[in-house]
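The structure appears right after this line, and notes come after that.
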Amino acid sequence: MLEDRVREWKAQFWREGLEAGMKKGRKQGLQKGRQEGRQEGSTTEARNILLRQLRRRFGEVPTEIEIRLNSASREQLEDWIDRVYEVETVEAVFD
């Protein structure tokens, strides 16, 4: 009888531990997903700002440059944003 009760407790504690672990994992996953989403959104926003600045300053942006922008990091995009009004040509932004 005691042996059966101990097995029940072990099973109950295992289920409770599993549920708690899953809840914690979901919470961490949601937090990580939100953080990644904010970072991706921030990078997209920087890319859009840079494209708009380039178009206003230099006119049409070559496809090669748009491709380069699509693979750039947020930090790189910020560097280029700062250079838009310091240079004379669209190509010089990326030198």
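No lab work stands behind these numbers, since they all come straight from the coordinates. From a predicted model like this one, the values you see are computed outputs, not experimental measurements. Cβ: placed from backbone, ideal geometry, glycine included. Neighbour counts: every protein chain shown.
Going residue by residue through region 81-89, is there one that turns out to be of a type in the set (Val, Ile, Thr) and exposed (fewer than 12 other Cβ atoms within 10 Å of the Cβ)? Break it down stepwise before answering.
Going through region 81-89, the residues of a type in the set (Val, Ile, Thr) turn out to be 81, 84, 87, 89.
Then drop every residue that is not exposed (fewer than 12 other Cβ atoms within 10 Å of the Cβ), which leaves 89.
Yes, because at least one residue in region 81-89 is of a type in the set (Val, Ile, Thr) and exposed (fewer than 12 other Cβ atoms within 10 Å of the Cβ).
Only one residue in ARG57, ARG5, ARG68 is farther than 19 Å from ASP95 by Cβ and not β-branched (Val, Ile, Thr). Which one?
Every option except ARG5 fails the conditions.
Here GLU19 clears all of (1) exposed (fewer than 10 other Cβ atoms within 10 Å of the Cβ); (2) assigned to a helix (DSSP H, G or I) except the condition numbered (1).
Sub-9 Å Cβ pairs linking a first residue in region 59-75 that is without any contact (Cβ under 8 Å) to a residue 24 or more places away in the chain and assigned to a helix (DSSP H, G or I) to a second residue that is of a type in the set (Lys, Arg) and surrounded by 11 or more Cβ atoms within 10 Å (Cβ to Cβ), at least 6 apart or interchain, are LEU69/ARG47; ASN70/ARG47, ordered by first then second residue. Of the residues making up region 53-73, those that are closer than 18 Å to SER42 by Cα and among the charged types (D, E, K, R) are GLU66, ARG68.
Name the residue, out of ARG26, ARG47, that is assigned to a helix (DSSP H, G or I) and exposed (fewer than 11 other Cβ atoms within 10 Å of the Cβ). Give the steps one after another, and end with the answer.
Working: ARG47 fails: exposed (fewer than 11 other Cβ atoms within 10 Å of the Cβ).
The unique qualifying residue is ARG26.
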